[in-house]
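Asker: Next up is a structure, given as structure tokens.
The values are calculated or read from the model by the stated rules, or taken from the named source; none is laboratory data. Everything numeric in this text was worked out from a predicted model, so none of it was measured. Note that each Cβ is placed from the backbone with ideal geometry, even for glycine, and that neighbours are counted across all protein chains shown. Keep in mind that these areas ignore ligands, DNA and RNA; they rest on the heavy atoms of the full protein, side chains included. Shrake-Rupley method; radii C 1.70, N 1.55, O 1.52, S 1.80 Å.
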Amino acid sequence: MIAPPFAAFPEAEHRSRIARARQELAAAGYDGCIVVAPENLFYLVGYDSVSANISPQALILSVHDERDPTLLVRNVDLPLVKETSWLTDIRTYQLFVDDVPAQVGKIAHDHGIATGRLGLEMQSPAVTASYARALEHAMRTARLEDISHLLNRIQLIKSPAEIRYMREAARYANLGLEAARNILRPGISEFALCAAVEKAAREAGSDYPALPTECGSGTRSAGGHATAMPKTISTGDLVHLEFAGVARRYHSVSMITMATGDPSSSARRLYDVGRESLLAGLEKCLPGTPVADIDVASRKPIERAGLGEAAQMRFGVGIGVAYPPIWLSSLQIDRFSNGALTPGMTFYVHSWLSLPEERLGVMLGGTYVVTQTGIEQLSGAGPVDLFTA
């Protein structure tokens, strides 16, 4: 068999992931699953494609034997499977001609799980309501339930090979950060600033990110999920950016808030409180620490400053394999969640403070990996003093 030319991992690593998925599914009482989300297809069998958000597809897997899964894709995407995946049981359909849900049902029958309890990533944007309903209709003898968190959970602890991709992605993200510092000046547009960031990362070798570059400047800085607008950055503006470097779909996020000229005293105070918040949270990020304790610690400097209403963030979110339109994983570092940090986890953290009435906002953070003794920063400006261009 000819090895796929663009495989990100050896076949053996994928097979160990499939075995772990089978073990988790069986322990939860499932007979098998239908995998649709592109990040899970990539993780389990190496298939790297955006087609999940364009055309229906499915990987059908049984927990009752070690038979390889079956992948159903649109015929036009078959070459993409062969260049990235070792899988051999691949079936295709013709768009608008073949009944995709019926084919999924037939494959499930072939695997002996058509009447069983099956998992489906119902929280994935790739599983549209219409596709889920069509699958339920075509597979009336099966019971479909959500396994989004189950499949995400097995990806939380990264292998050494995955950590290497995270480090590579971080290098691209940090080059984007350097470009932003070098080019920022009064008179530049948000579009031009983001273009410089993205150019630096992509020219160095970064893959495309799952989300566009976040950028908010001046009066727009109070918005936390802003994207660039046809706006010129002025003297005294706060400017925040959030973007990712990507290596074989593994994301590493950089964040920074900068200023042009001399920002207002309110802007500097807001930034300083955000920096204290980030430092307080990071100091708690040790292996075994409950995620709720980390978030609580990050909020104490904010509350002391009387800015509790300005804190609209969760402190951290897991990150790894991602496709549009999202790069978050199920790991949540907030005071409402359970769980603890474990070596091998990768996550990004942020201190986000917004004063809409003053039209000011700051964002500080970056991506980290949990080691045996603490955490290591991979990308992002982190808790530094305010950079002023």
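Asker: For the chain, which DSSP H helices look membrane-span-like by this rule: Cα extent along the axis of 20 Å or more and mean Kyte-Doolittle of at least -1.0?
Answerer: Long hydrophobic helices here: 160-183, 190-204, 265-283, 291-304.
Asker: Using 0.36 nm times the number of residues separating Glu178 and Asp272, minus their current alpha carbon distance, what extension gain do you get?
Answerer: Going from the current span to full extension adds 31.7 nm.
Asker: Which distance in Å, rounded to a whole number, links the C-alpha centroids of segment 258-281 and segment 45-91?
Answerer: Computed from Cα coordinates, the inter-centre distance equals 48 Å.
Asker: Which of Leu80, Ser55, Pro69 sits farthest toward the positive end of the charge dipole of segment 50-91, with +1 on the Cβ of Lys and Arg and -1 on the Cβ of Asp and Glu?
Answerer: Result: Ser55, furthest along the dipole toward the positive end.
Asker: Whole number in Å², please: accessible area per residue of segment 217-306, 1.4 Å probe, ligands, DNA and RNA not counted.
Answerer: So segment 217-306 comes to 36 Å² accessible per residue, rounded to a whole number.
Asker: First measure r as the distance between the Cβ atoms of Ile154 and Ile2, then evaluate 1/(1 + (r/R0)^6) with R0 = 35 Å and state the FRET efficiency to the nearest 0.05.
Answerer: Computed FRET efficiency for Ile154 and Ile2 comes out at 0.75.
Asker: Where does the chain land at 222 nm, in deg cm²/dmol rounded to the nearest 500, when only DSSP H runs of n ≥ 4 count, each adding -39500 (n - 2.57), divided by all residues?
Answerer: My calculation for the chain gives -10500 deg cm²/dmol from helical runs alone.
Asker: Amide H to amide H under 5 Å from Arg91: which residues, 5+ apart in sequence or cross-chain, H placed 1.01 Å off N in plane?
Answerer: Those lying under 5 Å, H to H, from Arg91 are Leu71, Leu72, Val73.
Asker: May I pose another question? Would you mind getting me the FRET efficiency between Glu283 and Asn75? Use the beta-carbon distance for r and R0 = 56 Å, nearest 0.05.
Answerer: Between Glu283 and Asn75 the formula returns 0.55.
Asker: Another question about this same structure. Taking K and R as +1 and D and E as -1, what net charge do the other residues with C-beta under 11 Å from the C-beta of Leu151 add up to?
Answerer: In short, -1.
Asker: To continue, here is another question. Taking 7 Å along the Cα-to-C-beta vector as the label spot, tell me the Glu357-Asn53 distance in nanometres, rounded to one decimal.
Answerer: The two pseudo-label positions are separated by 3.8 nm.
Asker: For the chain, give the percent of accessible area contributed by carbon and sulfur heavy atoms, probe 1.4 Å, rounded to a whole number.
Answerer: 53 percent
Asker: What does the net charge come to around Phe6 if you take all other residues with beta carbon closer than 11 Å to its beta carbon, with K and R at +1 and D and E at -1?
Answerer: Result for the neighbourhood of Phe6: 0.
Asker: Right, next: Would you work out if segment 156-312 is rounded, prolate or oblate? Take a ≥ b ≥ c from the square roots of the eigenvalues of the alpha-carbon gyration tensor; rounded if a/c is under 1.5, else prolate when a/b is larger than b/c, oblate otherwise.
Answerer: Note, shape of segment 156-312 comes out oblate.
Asker: Right, something else. Give a quick list of chymotrypsin sites (Phe, Trp or Tyr not before Pro) in segment 292-389 that DSSP marks as loop, anything other than H, G, I, E or B, with at most 10 other Cβ atoms within 10 Å.
Answerer: Sparse-neighbourhood loop chymotrypsin sites (Phe, Trp or Tyr not before Pro): Phe336.
Asker: Using the Karplus curve 6.51 cos²θ - 1.76 cosθ + 1.60 with θ = phi - 60°, what ³J(HN,Hα) values do you get for each residue of segment 151-158, in whole Hz, with x for Gly and Pro?
Answerer: 6, 6, 4, 6, 9, 5, 8, 8
Asker: Here's something else I'd like to know. When the Karplus curve 6.51 cos²θ - 1.76 cosθ + 1.60 is applied with θ = phi - 60°, which whole-Hz ³J(HN,Hα) does each residue of segment 114-123 get, with x for Gly and Pro?
Answerer: Values per residue, Gly and Pro as x: 5, 10, x, 8, 10, x, 8, 7, 6, 9 Hz.
Asker: Accessible area per residue for segment 1-71 in Å², computed with a 1.4 Å probe and the full protein assembly in place, what is it?
Answerer: Roughly 39 Å² per residue, with all protein chains present.
Asker: Assign unit charges at the C-beta atoms only (+1 for Lys and Arg, -1 for Asp and Glu), then state the dipole size of the chain relative to its Cα centre in Debye, rounded to the nearest 20.
Answerer: For the chain, the charge dipole is close to 160 debye.
Asker: Moving on. Name the long-range amide H neighbours of Ala228: under 5 Å, sequence gap of 5 or more, or other chain; modelled H, no Pro or chain starts.
Answerer: Here Cys215 satisfy the definition.
Asker: Please state, to two decimals, what the Cα-based radius of gyration of segment 271-389 comes to when divided by 2.2 N^0.38 Å (N = residues).
Answerer: Normalised Rg, Cα atoms only: 1.04.
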